[in-house]
Amino acid sequence: MEETRLMLAAAALNQTPMNWAGNLQNIRTAISEARQNNTHILLLPELCITGYGCEDMFLSPWLSEMAFHQLLQVKEWCDGLTVAVGLPLFLDKKVYNTACVIRNKEILGFTAKQFLANDGVHYEPRWFTPWPANEVQEFEMLGQTYQIGDIIYEEQGVKYAFEICEDAWRENRPAERHMSKGVQLILNPSASHFALSKTDVRHRLVVDASKKYQCAYMYANLLGNESGKMIYDGEVLIAQNGKLIRRNDLLCFKDVDLECAEVCFSDKPAIAEVIEYLPPIDENKELIAALSLALFDYMRKSRSRGFVLSLSGGADSSLCAVAVAEMVRRGVESIGLEAFVEKALLFSEDDKARFRQLPQEEARKAITGKLLTCAYQGTINSSDDTYTSAKELADSIGATFYNWTIDEEVQGYTSKVEHALGRQLTWQQDDVTLQNIQARVRAPAIWMLANIKYALLMATSNRSEASVGYATMDGDTAGSISPIAGIDKAFIRQFLVWAQQELGYTGLQYVNNLQPSAELRPQEEAQTDEKDLMPYEVLNMIERLAFHDRYSPEEVYDILLERQVGAPESVKTWITKFYSLWSRNQWKRERYAPAFHLDDYNVDPRSWLRFPILSGGFKEELQRVQGK
């Protein structure tokens, strides 16, 4: 082979677990687009036939059987090109995560994943069995015999092989063996979840590999909110010899996002190019892109008709409102107004006709008004400032806005309990009770709106509150989706300032001038979150050191002193409060509404961090801290 040119293509797909027809349609669209671009090899994401997030359904043999029948349909569409498509295979009572290679309507083989992700949000060894390196076997399925294993394929004299997602993140990765076998192209089908700044790490992984192994490297990730909590950025990368050839725009609202590039392969030793890296990541842009796409997919895949929000005028509910407005803006910008309203599956023909006649900004506001309903539910303890904050923000983005008070309902419940106990409830004796009843009384009416509108109720708790249980169960935690539960409060506050300045949400000026407060105590007490807890920056530091970095309470104390975050006695107080509140509030974290994974860690026991509901509460560990 002196020189061979191959047109390579990779496609990000927005799939849904076990949505057989929808998933196949996206696969067929990608194949059709690849054929139109005269593609030789098309790479599709990991497990794209079934969806990656099937969870324990992977353990059911029928799922793999169904997936194989879908594969046979895909095979018939692969006329005149090679396609790599992902699916599970159930063989000898074991499940393998595989990429099937089809060339010109013929199945060439199945490459099985060798390394299974088992950290953070990953539980792959629960379902899949790793495949041993360098091993190839045969199996029979529906009367045909196929190869499975660590296979080297060939296209017009160019040898290619696979690394499936996690395979590429290990030191003894398959690429180490592929190079000595003459492999010039590595394909990586992935289901790599979104986390802030992760695209930079992934990009370096691909470009560095293409230089180290003197090869072309093609990468295709899943796209969108596939199954509820995980978000996929749909990254497509094509690199060769340390040079990035093609990269797409991430987190788009398309069902299929395909990139292609012609790549030259030669027998001559390749000249390594200077490695190109991405400019610094703007995590504010990343956050809102991921959050808005996740909300859109969650809404349409759950067949809901928009969102309902108890808009308090505070930072958390304001971010939820802005996220819906950005969902509309980014969605229309990504795929156009017509495609956006069609994909949302909830607008009448009259609505669509009205949107078309409006200027784009007015159309976006009109759509937001249909998709987002907000209510300010004030009490005697609420301030004019938070009402103004809520009203001005809702008006500025076009959301439907209601305003009512809940003092009668609060008094009704309070009077019943006072009558039963034979005494009055007081702030001195019943502080938490009197705060919580206000938050809980807000839930029934806002749930009613959600029911009436067939909409998703947005819970507004953030990660910092979740860590210390600073939320009222069945109050501000009530909801169908908790979109910002994976983000800390300090990040939220700076994000809202950025969104006001950079995205033009001028309605945020009011919330950005307020100190975060639950506004549940009498106004003369000037309640704020940080007076109740501790500075949010300190809370987030303790949380990260304790659970992301896995330090003991004593080690956390020493690190905070080194960082000079406060006097020793203050640091002891903060650490004791954090660990005590963390331990007694695990039951709350078990009950939170589904949350998106947005950062490099979270405190959700159903995804990233498991902790016992009942424990010793770090009693001995905190005693050692106090003794220092």
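The values are calculated or read from the model by the stated rules, or taken from the named source; none is laboratory data. Everything numeric in this text was worked out from a predicted model, so none of it was measured. Cβ placement follows ideal geometry from the backbone for every residue including glycine, while neighbour counts extend to all protein chains displayed. Surface areas here come from the heavy atoms of the whole protein model, side chains and all, with no ligands, DNA or RNA. Shrake-Rupley method; radii C 1.70, N 1.55, O 1.52, S 1.80 Å.
Annotations for the structure displayed:
- A straight chain from Val497 to Val417 at 0.36 nm per residue would run longer than the Cα-Cα distance by 24.5 nm.
- Solvent-accessible area of the range 404-560 (1.4 angstrom probe, protein heavy atoms only): carbon and sulfur portion equals 51 percent.
- Volume of the convex hull of the range 1-116 (Cα atoms only), normalised per residue: 116 Å³.
- Close amide-amide hydrogen proximity is noted between Asn225 and Tyr232, Asp297, each under 5 Å apart and 5 or more residues distant or on a separate chain (H modeled in the peptide plane; Pro and chain starts excluded).
- Of the residues His178, His69, the one with the largest accessible area comes first in the ranking His69, His178, computed with a 1.4 Å probe on protein heavy atoms.
- Couplings for the range 457-471, taken from phi via the Karplus curve 6.51 cos²θ - 1.76 cosθ + 1.60 with θ = phi - 60°, read 7, 8, 7, 10, 5, 9, 5, 4, 5, 4, 4, 10, x, 7, 7 Hz in order; Gly and Pro are left as x.
- Rg over Rh, two decimals, the range 455-534 (C-alpha only, Kirkwood Rh): 0.98
- Just the protein heavy atoms count here, and of the accessible area of the range 144-295 at 1.4 Å, carbon and sulfur take up 48 percent.
- Largest first and in whole Å, the equivalent-ellipsoid semi-axes of the chain read 48, 29, 22, each the square root of five times a Cα gyration tensor eigenvalue.
- Within the shell defined by Cβ-Cβ distances under 14 Å, the residues around Glu155 carry a net charge of 0, with Lys and Arg each +1 and Asp and Glu each -1.
- Residue-averaged 222 nm ellipticity for the chain, from DSSP H runs of 4+ at -39500 (n - 2.57), nearest 500: -12500 deg cm²/dmol
- Net +/- balance of residues flanking Glu262 in space, Cβ distance below 11 Å, scoring K and R +1, D and E -1: +2
- Within the same chain, lysines fewer than 8 places from Lys229 are excluded, and of the rest, those with a Cα less than 20 Å from its Cα are Lys198, Lys254, Lys285, Lys301, Lys489, Lys588.
- Per-pair calculated FRET efficiency, R0 = 51 Å: Arg563 and Gln73 via Cβ, rounded to 0.05: 0.30
- Given a 1.4 Å probe and the protein chains as shown, Tyr387 ends up with an accessible area of around 80 Å².
- Of the trypsin sites (Lys or Arg not before Pro) found in the range 1-105, those in coil by DSSP whose Cβ has at most 11 other Cβ atoms within 10 Å are Lys93.
- Distance histogram in 5 Å bins (all Cα pairs of the range 354-465, percent per bin): 2, 9, 15, 18, 17, 14, 9, 6, 4, 2, 2, 1, 0
- For the chain, leaving out every one of the GluC sites (Glu not before Pro) that falls in a DSSP loop and has at most 16 other Cβ atoms within 10 Å, the longest unbroken run is 277-628.
- Tyr402 - accessible surface, heavy atoms, 1.4 Å probe, Å² rounded to 10: 90 Å²
- A simple spin-label model places pseudo-atoms 7 Å from Cα toward Cβ; at Tyr146 and Asp600 they are separated by 3.8 nm.
- Multiplying the residue separation of Gln214 and Gln156 by 0.36 nm and removing their Cα-Cα distance gives an extension gain of 19.0 nm.
- Whole-percent carbon and sulfur share, accessible surface of the range 1-135, 1.4 Å: 45 percent
- Entry for the range 62-183 at q = 0.11, 0.17, 0.19, 0.23 Å⁻¹: log10 I(q)/I(0) = -0.37, -0.90, -1.11, -1.47, Debye formula applied to identical alpha-carbon scatterers, no solvent contribution.
- Filtered chymotrypsin sites (Phe, Trp or Tyr not before Pro), the range 106-157: DSSP coil and at most 14 other beta carbons within 10 Å: none
- Of the residues Ser383, Ser482, Ser227, ranked by 1.4 Å probe accessible area with the largest first, the sequence reads Ser227, Ser383, Ser482.
- Net charge dipole size for the range 308-401 [Lys, Arg +1 and Asp, Glu -1 on Cβ; Debye, nearest 20]: 220 debye
- Loop sites in the range 402-440: trypsin sites (Lys or Arg not before Pro), DSSP, at most 16 other Cβ within 10 Å: Arg423
- Heavy-atom accessible area with a 1.4 Å probe sorts Thr145, Thr460, largest first, into Thr145, Thr460.
- Heavy atoms of Ser389 accessible to a 1.4 Å probe, total area in Å² rounded to 10: 0 Å²
- Heavy-atom surface of the chain, accessible at 1.4 Å and reported per residue (Å²): 41 Å²
- In plain terms, the C-alpha convex hull of the range 282-433 casts an average shadow of 12.1 nm² when viewed from every direction.
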